[in-house]
1. Can you find even one residue in region 285-305 that is among the basic types (Lys, Arg) and closer than 30 Å to Glu110 by Cβ?
2. Report whether or not Ala632 is aliphatic (A, V, I, L, M), within 26 Å of Ala272 (Cβ to Cβ) and either open to solvent by 20 Å² or more (accessible area, probe 1.4 Å) or touching a residue at least 60 places away in the same chain (Cβ under 8 Å) (or both).
3. Criterion first (assigned to a helix (DSSP H, G or I) and surrounded by 21 or more Cβ atoms within 10 Å (Cβ to Cβ)) does Thr135 satisfy it?
4. Only one of these conditions is not met by Arg88: (1) crowded, with 22+ Cβ neighbours inside 10 Å; (2) more than 23 Å from the chain's Cα centre (by Cα); (3) closer than 26 Å to Gly218 by Cα. Which number is it?
5. Scan (1) at positive phi; (2) open to solvent by 80 Å² or more (accessible area, probe 1.4 Å) for the single condition Pro235 breaks and write down its number.
6. Quick one: what pairs do we get from region 97-115, first residue closer than 28 Å to Ala80 by Cβ, second among the aromatic types (Phe, Trp, Tyr) and in a loop (DSSP other than H, G, I, E, B), C-beta under 8 Å, 6+ apart or different chains?
7. Which one is nearest to the chain's Cα centre (by Cα) among residues in region 154-206 that are modelled with pLDDT under 95 and either farther than 24 Å from Ser567 by Cα or open to solvent by 40 Å² or more (accessible area, probe 1.4 Å) (or both)?
8. Can you pull out every residue in region 461-502 that is out of contact with any Leu (no Cβ under 7 Å at 6 or more places or on another chain) and acidic (Asp, Glu)?
Amino acid sequence: MNTRSRRLLIVAAVVVGLAAPSVAAGADLSSLRGGQTIGIDGVATVEARVDVQLSSAPFCDELDPAACLLPFPNDHFTVADASTDTGRRVDLSPLATPRNVAGKPVDPTEWNRNDGFSPGSMVLAQVPGLDLHATWDSPLDHVQDLSWFARPDAPIVLIDADSGERHPFWSELDTHAEDGSVDQLLILRPSVNLLEGHRYVVALRNMRRADGSVIPAGPSFRSAIRGEGEVARRPEMKRIRRDLSAAGIGSRDLFLAWDFTVASERNLSERAIHIRDDAFSALGDVDLGDGAVAGRSPGWSISSVTDFADGDTMRRVEGTIEVPNYLTPQVVAEVPDPVGEPATPPQSRFNTVGSSDGLPVVNPAQPTVDVDFVCNLPRDAASAPAHPLLYGHGLLGGRGEANGSSTATLRQRGFAPCAMDWWGMSFSDISNVGLILADISAFPSLADRAQQGFLNFLYLGRALRHPDGLRTDPAFRTGGQSLLADDELFYDGNSQGGIMGGALVALAPDLTRAKLGVPANNYSTLLNRSSDWEAEAPLVERLPEFDPEDPVDTVAYADANYLAYRSSVDQQLVFALLQMLWDRAEGNGYAQHLTSDPLANTPPHQVMLQLAFSDHQVANVAAEVQGRTIGAHLKSPVVPDGLHWSTDPGFGFEQWNPAIDGSLRDESVLVYWFSTDRDLETPPNRNEPPRAGGDPHSDPRKDQRASDQVSHFLLTGETIDVCDGGPCLTEEASR
């Protein structure tokens, strides 16, 4: 994403955030609680709303009084529903959800369509005064040794109640709150995604302060675990005690225990699958799992053809693909486009008017949309037909990224990158993102638009692969011959294109191999750990130096969101809530079906994850969770000795050591690349971004050996060693 686009996004977000009651320079945001806000003059004011004693309200969980929705996720916030695959349905009250500075709670309507919580959900609880080193009796941070989950005396356990087995995770304290304060939440993060539709039990026992003293359980939990709490809750607590007893855990030393259910496969993916199957059925192809092209091609129109006399690109073709439209009419608000044209960022939702089952249907008022695309045909395409490749752009960028350096090494190797804007998270969505940062009730529009965006990409892919598709257009031909190879299609995406690309590839019927560059799952893990999201200091400390002419260095994406949701507790709850809907729109909700266990009516896929070690923008820990979840092999040696944070970098992976094993065939793989010229250090073990040295985020895609490895993998399914038996290293000379 170019700097100007990024600047406009940040400014738009901050303007939205400051449109709410403002914060004067030097104000103490940590002091804001309940109905109190800080006015523009720095004087405390009271919002015009009635505060509720949340800890005693019936829609809260009395077990954790820190906030109404704690602990989270939690089956206390669900109800029985025989119509769902899990038998549960989320039932959040608007009186329980976080409120922004305007006093507006999160509208839970869309969340309450879920039959469980995210398979990658962060698990949140308050343990006042908790010290994790004393609790785990180790000087290490938990993320450094993921094997702790299996310790017989583990003070924190996460149990799959369906299998009785413990699930691996790591524990950390939120560094965005004051150490030891009541606002500093305990966060558990699964080190491999939780299984869809399964119920999990969380147990905290022998929680300790830094001096080693045990933190006593609260009176509400002590009463509940003894079966003395509210009558309606006694069966739930009895079930939890039974599950813990079966796992060898008694109730005497418990600080807190609760359970939650993970959303089902159908609930996570059914909207995207439904519109995909419906749209491809309209083309005449109903069997997408066979990998064969049937029916007709999507329609298209060519708007421009540009031939280049030199360089990596021989020809650039721009046009539109006609795609069935499952969205409501768009609310239009013009903002400047980075190339000088007005953009129309919509806040549209799935259209369900006329639907018999609540799933999206084509909008009769606008049954199709013409979606812009660009394709870059490589220099040698006339002599060797190019390999068509869908390309996914970076954070809130656009299809033009496929024209630049991010795809240059692939064009040099005969690939033709073709791209669209990622609807929902492209430049044209900036104003909508600004609204979401200030009020996450608007987030369902992002998730719905992103799923329509997946369909747009899939239609472009079908037009590229179909024998009667784009290859027949004069724009893609020369001398009577097609410039595109027959019956081929691949995917490559970087950053956001790697994160959302995991979902796209899992849904894709027309490709079986993909590279996800600097990728990960799970935005709820990524945001705090990204230099794109997090500033180095709170906004109020930076306002005196704020320069509206050059805000990139002084404003971060999180600023507007943190001004809207000022409590660090609410900020973490917001991340957890967002993930429940983001699962529909990024790889986290599809990871269990990305490779060998495909979604219904979908072929299996083989994926290469290509990471930049100590990436400042996309956290390596989240990419490793993705790799474990999809069953990727880990290329070893991983990085130079002493740099990886873990005592066992291979935890949870099948390892591939090419010096011993030779090449890796027909398997998914995770490969780290370490930039030797960036002065990098080991990433922090906290929910903070790396800051040391230069950001290596873009290095792997521009490295010649890394691109050789990617090209060979896409064309053959074989991963070869291009690193001479050692860790994979990149430096400026190779980029």
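1. No, region 285-305 contains no residue that is among the basic types (Lys, Arg) and closer than 30 Å to Glu110 by Cβ.
2. no
3. Yes.
4. (3) is the only condition that Arg88 fails.
5. Of the numbered conditions (1) at positive phi; (2) open to solvent by 80 Å² or more (accessible area, probe 1.4 Å), the odd one out for Pro235 is (1).
6. Pairs found: Pro98/Tyr565.
7. Looking at the filtered set, the residue picked out is His176.
8. Within region 461-502, Asp468, Asp473, Asp486, Asp487, Glu488 meet the criteria.
The values are calculated or read from the model by the stated rules, or taken from the named source; none is laboratory data. As the structure is a computational prediction, the values presented were derived from the model and not from experiment. When we count neighbours, we look across all protein chains shown, and the Cβ atoms used for this are built from the backbone with ideal geometry, even at glycine. When the accessible area is computed, the model is the full protein with side chains, heavy atoms only, and any ligands, DNA or RNA have been set aside. Shrake-Rupley method; radii C 1.70, N 1.55, O 1.52, S 1.80 Å.
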